[in-house]
Structures are given as structure tokens and as C-alpha cells.
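Shown next, in C-alpha cells, is the structure this report addresses.
The values are calculated or read from the model by the stated rules, or taken from the named source; none is laboratory data. Predicted model only: the values in this text are computed from it and were never measured. Every residue, glycine as well, gets a Cβ built from its backbone with ideal geometry; the counts of neighbours run over all protein chains shown. When the accessible area is computed, the model is the full protein with side chains, heavy atoms only, and any ligands, DNA or RNA have been set aside. Shrake-Rupley method; radii C 1.70, N 1.55, O 1.52, S 1.80 Å.
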Amino acid sequence: MELMFGDLIDKANIDKKRVHMIRHALSHKKCAVCKEKGWMDIYTRLQKKNFAEIGDYLFVFESGNGTTALFCSCYVITGTTDVKDFDIPEGYPDTDFEEYLIYNIEECSEFCQYNGRIIIDWGRGTINWHLRKSDLPIIEILKEQQRNIESFTSYENVKLTFDKLSEIVLMPSVYADWINALSAINAIYVITNTADGKLYVGSSYGWTDGLLGRWSNYAKTKHGGNERLKDVLKENPQLYKKFQYSILQLLPKSITQEMAVAAETKWKEKLCTRKHGYNDN
């Protein structure tokens, strides 16, 4: 028997008529800004005046790949605040605030155990960010240790172990912000052998899905097709666990091959990765 998200709501003795299902689309520009700035609480609470009533429940999700959604938290509405009496942070995305209220909310303890753990199928109507229907199929309930997911913050902060990179690739619904960010760019990247400091510099030019596509290949093969990496892994098959993945330079998805090769060559020369690292050409 298929487990539905509504089954959990029934178990908590919550009236489904008072339930609002919200799926925040991380690909939406306003949502992406709020995610980056840490304003998702405001983004959730700032709704139109006729959106809900006191005593209603908000089940908040974030978008994953395709039609999936990751459950974030459940709240009950305890009241409302006029937007003019609320401190909207400077730089918050443009909104016609006259049509909106700030909904005061409290987290429901019954669902805290599921925060960041339940992946559902939102269905074909993903354009509908707000549903009153809660009987949506549960695809997966993640283990407890998978709750504390590290969010993507910025490209300059990317520093991934092989295990973390593999986790991101294998769990796209959970790491939707990473998937979106890495697939949006091309880049010059560096792989560091943290055991001895040797480097490999590469480019994601020509790969479908940009940097995500290139790094997914490393997650799958461990060597990415590089002959010198293949050689060191033959000598020490577990060495890939010491590899760290970082970004040296962002490149536009529209970059030409000539420009990408020039940028890659520059970094190889700067870091001496032909003489002291794993680059052959």
C-alpha cells in the first residue's frame, strides 16, 4: 500500500480542511534570493490577505528535481501582523506589500521528526505552489542522520569531499539547491589530493549540465577519465576518498571552447599542475 503524506496528517489528528501545502520553487528568482539571504521564514509568512485563517496549518516544502519536494516544516497560524508593522529587511525582493499580511506561525512539534527527511511527489501541477490537497505520495523517508543537509551558499565557498559530492549527485531531491547551482554554470575547477597536496585543474566546458555534469562523472568513475588519476588510483584504490573539489573560476555557459581552454591553461600554469600535479596537457 502506497504511503501518502496525508496519512501522517491523519495520524497527527489534523483537520485536512485546514491544511495548506506550500512548495517553494528554488528556481524562482524571488525564492532563490530569499534562500541565499536567509529570508525563507519571511518568504513563507508573507502571504496575501485572504490566504489562510488563524488555526490553519502550513506544510512547507522546497522543490527538488522534476516534480519532487522535500518537506521542511509544519506550522500552525496563530495570528497576523500588518506588513507596515513588520521589519522587512532592506533588499527584500519587490512585492506589492499592500496586498499582503505577515502570518504569525508556530512550529508543530508533531512533525519536527520529519523535517528535512520526507520527499514527496508534488505531481504534474508543480506550477501550483499552493495546494489544499495533502494526499500526495511519499517517495522516500530519509534516515535520521540525513536531516542536517548542508545548503549551498556561494560558489566561492564550494569545498566538497568525494563522499559529499557523491551524496549530492545521488540525492538530487535533497540537494536541489546544489543541483541547481552547479548545473547553472561552467567553471575551471581544481581537485586536491589532501593527502599530499597535488592538484588537478580541469574545465566543465562541453559537458551537459555544466559543472554538475562534469563532477557527476567524477562521482561515478572517481578519475573522470584522467590518465594520471587512473594511475594513482591503481596504486592506491582508496585514494579518491582524499580528493577535494573546489571552484577556481566561474565561466558562462555560453563560453567558447577557445576561451575555456585559455582559462584552463592559465590556471595550470599558475598552479604548476603539469610539473607537480596530475595534468598532462
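Were the residues from Ile139 through Lys164 laid out at 0.36 nm apart, the gain over their Cα-Cα distance would be 6.8 nm.
Heavy-atom accessible area per residue, the chain, 1.4 Å probe: how many Å²? Spell out each step's value before the answer.
Values: 14940 Å² over 281 residues.
The answer is 53 Å² per residue.
A protection proxy built from the mean count of other Cβ atoms within 10 Å ranks the segments 238-246, 130-138, most packed first, as 238-246, 130-138. The residues Leu250, Leu182, Leu170, Leu101, sorted by heavy-atom accessible surface at 1.4 Å with ligands and nucleic acids left out, run Leu170, Leu250, Leu101, Leu182 from largest to smallest. For the range 146-258, a simple Cβ point-charge model (Lys and Arg +1, Asp and Glu -1, everything else neutral) yields a dipole of about 240 debye relative to the Cα centre. The Asp209 and Cys272 beta-carbon pair, evaluated with R₀ = 30 Å, returns a calculated FRET efficiency of approximately 0.50. Please report, as a whole percent, how much of the solvent-accessible surface of the chain comes from carbon and sulfur atoms (probe radius 1.4 Å). With neighbouring chains kept in place, the figure for the chain is 47 percent. Cysteines in the chain lacking any other cysteine Cβ under 4.7 Å from their own Cβ: Cys31, Cys34, Cys72, Cys112, Cys272.
For every helix of n ≥ 4 consecutive DSSP H residues, a contribution of -39,500 (n - 2.57) applies; sum these over the chain, divide by its total residues, and give [θ] at 222 nm rounded to the nearest 500 deg cm²/dmol. Write out the running numbers ahead of the final one.
Working: 8 runs with 75 residues, N = 281.
Estimated from H runs of four or more residues: -7500 deg cm²/dmol.
To the nearest 0.05, what FRET efficiency results for Lys11 and Glu106 with a Förster distance of 25 Å applied to their C-beta separation? Intermediate results must be reported in sequence, preceding the final value.
Numbers: r = 20 Å, r/R0 = 0.79.
Approximately 0.80, to the nearest 0.05.
Distance between the C-alpha centres of the range 219-281 and the range 62-112: 43 Å, rounded to the whole angstrom. Amide H to amide H, with H built 1.01 Å from N, Thr68 comes under 5 Å of Trp122, counting only residues 5 or more places away or on other chains.
Coupling constants for the range 104-115 follow from the phi torsions by the Karplus curve (6.51 cos²θ - 1.76 cosθ + 1.60, θ = phi - 60°), and in residue order they are 7, 9, 10, 6, 8, 5, 4, 10, 4, 5, 9, 4 Hz; glycine and proline get x.
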